[in-house]
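Below is one structure, written out as structure tokens; the observations come after it.
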Amino acid sequence: MEDPLDAASSRQLPMFILHPRTRLTLQRTVQACSGLLVACVVLVCVFTLSTHTGRTRTKLLVTSHLIDKPSVIDQNRLRPRDVFISVKTTSKFHHTRLPVILKTWYTLAPEEITFFTDQDDEELNAVLGDKLVPTPCPLDHSRHALVCKMQHEFNAFLSTNKKWFCHFDDDQYVNVPALLTKLEEFPVNLPWYLGKPSLDKPLEILDKDSPEFKRMSFWFATGGAGFCLSRSLTAKMSAFAGGRKFISVSEKLRLPDDVTMGYIVAMLADVELTQLDEFHSHLEPLRLVGNLRNQISFSYTVYPEDNNLLDVPGFSHNKDPTRFLSLHCYLFPGTSWCSSN
């Protein structure tokens, strides 16, 4: 007797039997779909790998750029040779004021410090060589003499490729490392006029070029404390101060050298003074100056009735009347002659 299940199977079997041509077509269709699926998988893998490689390459390029491109700090980092330091003096003080400078802070950057004077000196030449520049300026302390020397200082800087021009007087001590550290705070590609005013308000003068003789005011850095100009600023100033033009401006306005500098910077180059408390002149009570290691410039006055000096321990006042020997040993105790104190 036939099993009912076998009978049912026999009756349904014809539904699954395909014509040979149909079966071949179906087989080809399946193969084509499989091939297409494999191709899609390959394309996805290639795209993923390409994207990953591109991101890696981009990351490497960005990383390389960050490594190769100097930071702002690196761009501003200074060495002594980047700064032109000029010291204005006169033959009258060659053997009174200059010896203490030559023994102390001059040794910190001897190749970068140039003395501008009014007369040649064989003894100093033997020590300084071309770092002593005798100018044709008058031997006195007149306005014209001071302006004349400043003109020579400015022109000498313009002839170099240095980044900063810093002016000081022959009765000053300059903490060169502190100066460099401070200058690094100011991007040299921008116009900077750094210094300290001796007045508590801007100076007012008459504008002689205006029909109404209007008043104009500006800040200026006193030369007695020193000041610095960036290369970018001096480039703007050269049209007004290069050659003999600095002298011409001074003669026209009847202004001393440091005031003339402030006028040219503020009124002609249109740059404001950036005031720095680390500069010090004899016009302030020097005994009150503290935190000496972070200060940039110092001065002194020695008169029988009134001394204006730093309060710094060290040598006796007879041996060190300016206090610069004691200051140098305080800042740089490893100096050989400091042990004699």
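The values are calculated or read from the model by the stated rules, or taken from the named source; none is laboratory data. Please read these numbers as outputs of a predicted model, since none were measured by experiment. Virtual Cβ from ideal backbone geometry, glycine too; neighbours counted across all protein chains shown. Accessible surface areas use protein heavy atoms only, side chains included; no ligands, DNA or RNA. Shrake-Rupley method; radii C 1.70, N 1.55, O 1.52, S 1.80 Å.
Observations
- Each listed q (0.11, 0.21 Å⁻¹) maps to a log10 I(q)/I(0) for segment 240-341 from the Debye sum over equal C-alpha point scatterers, namely -0.53, -1.01.
- Segment 150-231: Rg to Rh, with Rh as the Kirkwood radius over Cα pairs: 1.04
- Per DSSP, loop trypsin sites (Lys or Arg not before Pro) in segment 242-298 with at most 15 further Cβ within 10 Å: ARG244, ARG254
- Shape call, segment 79-219: gyration tensor on alpha carbons, a/c limit 1.5: oblate
- Sequence-distant residues sharing a close amide H with PHE220 (under 5 Å, placed H): LEU203
- Spin-label model distance (nm) - ALA126 vs ASP200, 7 Å beyond Cα toward Cβ: 5.1
- Cα-based shape type of segment 159-305, given that a ≥ b ≥ c are square roots of the gyration tensor eigenvalues and the cut on a/c is 1.5: oblate
- With eigenvalues of the C-alpha gyration tensor scaled by 5 and rooted, segment 220-296, Å: 27, 14, 9
- Largest to smallest accessible area among SER91, SER299, SER316, SER339 [probe 1.4 Å]: SER339, SER316, SER91, SER299
- Ranking THR107, THR301 from most to least accessible surface, computed with a 1.4 Å probe over the protein chains only, gives THR107, THR301.
- Normalised radius of gyration (Cα atoms, divided by 2.2 N^0.38 Å) for segment 123-197: 1.29.
- Packing around the peptides 125-134, 318-327, taken as the average count of other Cβ atoms within 10 Å per residue, puts them in this order, highest first: 318-327, 125-134.
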